[in-house]
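Here's the structure we're looking at; comments come further down.
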């Protein structure tokens, strides 16, 4: 009888232990299920948050592309800025699909703000950007191949908007996009108050060839990226024949803006002169410009000239451009192709007969400059050489552009997340 009682008691203890074990397993299982559920919820929320951020970035990118497309198509209007309501963006793994919306608003000084909101499920992310216009006149001298600066020359910066400021805060850069040896040649006595740059991935010690007694106050380094050389298309203009003068002075004003097959100035019995007068003049030269001995193209005070050239520019002894205004009053445009050819297609021999010159953008031209005085401006070319003992000052005023200028594009000035 006692043995039977002991067996029953033992079996009861085992049953209690099993029940407790099952209870513990149930508790652990419930905890694991809860942990798994929380992990799944966290994963879903994280995925949605990432998708919302990607969507916001996509909206910002699209807004910039739309703005630049309107510049390229000449349809840009500050009074009709792009905006987009919720737009579905199928992102792999995001259920439901993410969406974005953006608005663009005008800010002072030709700058524009973008707010882009991305959503996915309950997640929402917002990014913002501030755009500015970047033109082709932001670098003092930029070439695709060789850059040669002769002895005892100074390269520095000024700003024609502030003529009394002799030490303005103007960043000066000169350089080449090439990485080939000796493409930048700096002669003895040269002083560059700024940076000398070589092509992305290049070695400045190999690309830059300098003689003794050369001073560079800034850095000798590489470009941060391969720069763009946007193609230039002249505006639609009426056909006007040719511009020809021999031994006399002729004037061209805004009413004579047009498409000409050439400019020819001859020096018999005395040097001919072409005067740009009366406001803004646009000339598109489909052929060449030939300036005889002592002949001049003169930009008179109060006038400005945008000169598009498909061919070559040849300047004989004592001839050249005489800009009596400020550097932004004279802009020479080479009609670059897209894509750019691997070699030079134009030859521009530019002589400056005044203290002021202007902006030159000709990424397919070998540009040679002879100046009798100080030279102010910005130069973009296939190759560039300054052969006379003259000082070259990059004019910071040439960095100021508007949406109607050739070669401009919107770039991000600032970016952030709210």
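The values are calculated or read from the model by the stated rules, or taken from the named source; none is laboratory data. Predicted model, so just to flag it, every value in this text is computed and none were measured. Note that each Cβ is placed from the backbone with ideal geometry, even for glycine, and that neighbours are counted across all protein chains shown.
The set of residues in the range 394-418 being closer than 30 Å to residue 150 by Cβ, part of a strand (DSSP E or B) and in contact with a helix residue (DSSP H, G or I) (Cβ under 9 Å, 6 or more places away or on another chain) consists of 395 alone. Here is a check on your reading of the model: is residue 376 buried (at least 22 other Cβ atoms within 10 Å of the Cβ), out of contact with any helix residue (DSSP H, G or I) (no Cβ under 7 Å at 6 or more places or on another chain) and over 23 Å from residue 252 (Cα atoms)? Spelling it out, it is not the case that residue 376 is buried (at least 22 other Cβ atoms within 10 Å of the Cβ), out of contact with any helix residue (DSSP H, G or I) (no Cβ under 7 Å at 6 or more places or on another chain) and over 23 Å from residue 252 (Cα atoms). The sole residue among 244, 229 that is crowded, with 18+ Cβ neighbours inside 10 Å, in contact with a strand residue (DSSP E or B) (Cβ under 6 Å, 6 or more places away or on another chain) and in the same structural domain as residue 300 (by TED's automatic domain parsing) is 229.
Taking (1) more than 24 Å from residue 238 (Cβ to Cβ); (2) assigned to a strand (DSSP E or B) in turn, residue 301 satisfies each apart from (2). Highlighted here would be strands (runs of 3 or more DSSP E) found entirely within the range 177-216 that include at least 2 residues which are closer than 16 Å to residue 394 by Cβ and outside the structural domain of residue 379 (by TED's automatic domain parsing), but there are none. Test residue 138 against the stated conditions and say whether it is closer than 30 Å to residue 106 by Cα and touching a helix residue (DSSP H, G or I) at 6+ places or on another chain (Cβ under 6 Å). Here the answer is yes, as residue 138 does meet what is asked. Here residue 336 meets each of (1) crowded, with 22+ Cβ neighbours inside 10 Å; (2) part of a strand (DSSP E or B) with one exception, condition (2).
Exactly one residue out of 302, 334, 294 is modelled with pLDDT of 90 or more and farther than 26 Å from residue 160 by Cα: that is 294. The sole residue among 109, 121 that is free of Cβ contacts under 8 Å to residues at least 24 places away in the same chain and surrounded by fewer than 20 Cβ atoms within 10 Å (Cβ to Cβ) is 109. When the residues of the range 309-320 are filtered to those that are buried (at least 22 other Cβ atoms within 10 Å of the Cβ) and either at pLDDT 95 or above or within 23 Å of the chain's Cα centre (by Cα) (or both), which remaining residue is nearest to residue 401 (Cα to Cα)? Per the stated criteria, the residue is 309.
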